[in-house]
Every structure is written in C-alpha cells, then in structure tokens.
Amino acid sequence: MTDLLTYSDGGARGNPGPAGIGVVLCDNQDRVLYETARCIGSTTNNQAEYQAILLALELARDRKARNLLCTADSQLIIYQLQGRYRIKDPHLRKLAEKVQSVASGFEKVTYRQVPREHPMITRADRLLNQSLDKAQKIGPISSSKPAQGDLFS
C-alpha cells in the first residue's frame, strides 16, 4: 500500500539556466496534502528534475511515509531511477545516488513516468514557474544553492 504519492517537476530557463523545482504530495486518494516550490540556482533541466524528486523524497521522509509512488514527467530520469537507462552523465549519476540513498530509508519506492499534461505534474510545473517568476522580479538567480525556505506551502 502506498502511504504517499509524490508529483515532482524541475525546469530550467535555458539549459543550463535559472532553475526551479515543484513538488506536490498527495494521499493515496490523490488529495493534495502539501505543495512547495523552490529556486535552485542555475542548472540543467535534468538536474532540476532529479533535485525535484530528491525534495519529494525528503518531504515524504519528514512525514514518516514508508511506501511511496514518485511520479514525474521526465522519461529519462524515471527510467534511469528504474534501472532501465544507464546514467552516463557524472552530475546526474551523483544526483541519482543521492536519490537512491534517501529512497533506501523507505520500505518501498516506486517511480512512475506520466505525460506532462497530468494534472498534478501541471500543478508542480506551475508552482516552479511561479517561484522562478517571483525570483526573477527580485534579481538574477545565479547561485547553485537552494533558496532559503519555501515560496509556496
């Protein structure tokens, strides 16, 4: 039985460029329990996708979940985490290792790829773009460190 469903999306404006991540946590009936978005500095789309999944796992761990279904629209990232694709890029390999390390603290984690039009992925995408828009008004995003605190929760 799944304790939590996570929906995550990462995106960069430019590749690499200013990037953000969005996460939506739902119960097993797909009711939204929590959502958040963060700017993560300048990075690639794929790195942002991994960082979004990592944040989803950390948020689920904080909520004492044991079994997760992690959903994202990136076929590359999901298939790499499922072991269907090799991870050639050293930066992505390092991020995948972090994801696997956090995931090892759960009883079971399943990764699922869905189309970007999925309503919860659309929601996560909207959150990350709102965080990037807000940060852009404040000033340039140049750090590779996550912003302090959530912009949405």
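Numbers for the structure displayed
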| item | result |
| --- | --- |
| Residues that are assigned to a loop (DSSP other than H, G, I, E, B) and over 17 Å from Asp30 (Cβ atoms), drawn from region 97-120 | Ser104, Gly105, Phe106, Glu107, Arg116 |
| Qualifying residue in region 70-92 (condition: part of a strand (DSSP E or B), surrounded by 13 or more Cβ atoms within 10 Å (Cβ to Cβ) and not hydrophobic (A, V, I, L, M, F, W, C)) | yes |
| Residue list for region 111-153, restricted to those being surrounded by 14 or more Cβ atoms within 10 Å (Cβ to Cβ), β-branched (Val, Ile, Thr) and at pLDDT 60 or above | Val114, Ile121, Thr122 |
| Residues (over 9 Å from the mean Cα position of the chain (by Cα) and among the aliphatic types (A, V, I, L, M)) located in region 1-23 | Met1, Leu4, Leu5, Ala12, Ala19 |
| Number of positions in region 15-32 that are surrounded by fewer than 24 Cβ atoms within 10 Å (Cβ to Cβ), within 19 Å of Gln130 (Cα to Cα) and in contact with a strand residue (DSSP E or B) (Cβ under 8 Å, 6 or more places away or on another chain) | 5 |
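The values are calculated or read from the model by the stated rules, or taken from the named source; none is laboratory data. Here the structure is a predicted model, which means the values were calculated and not measured. In this analysis, Cβ positions are derived from the backbone assuming ideal geometry, glycine residues included, and neighbour counts consider all displayed protein chains.
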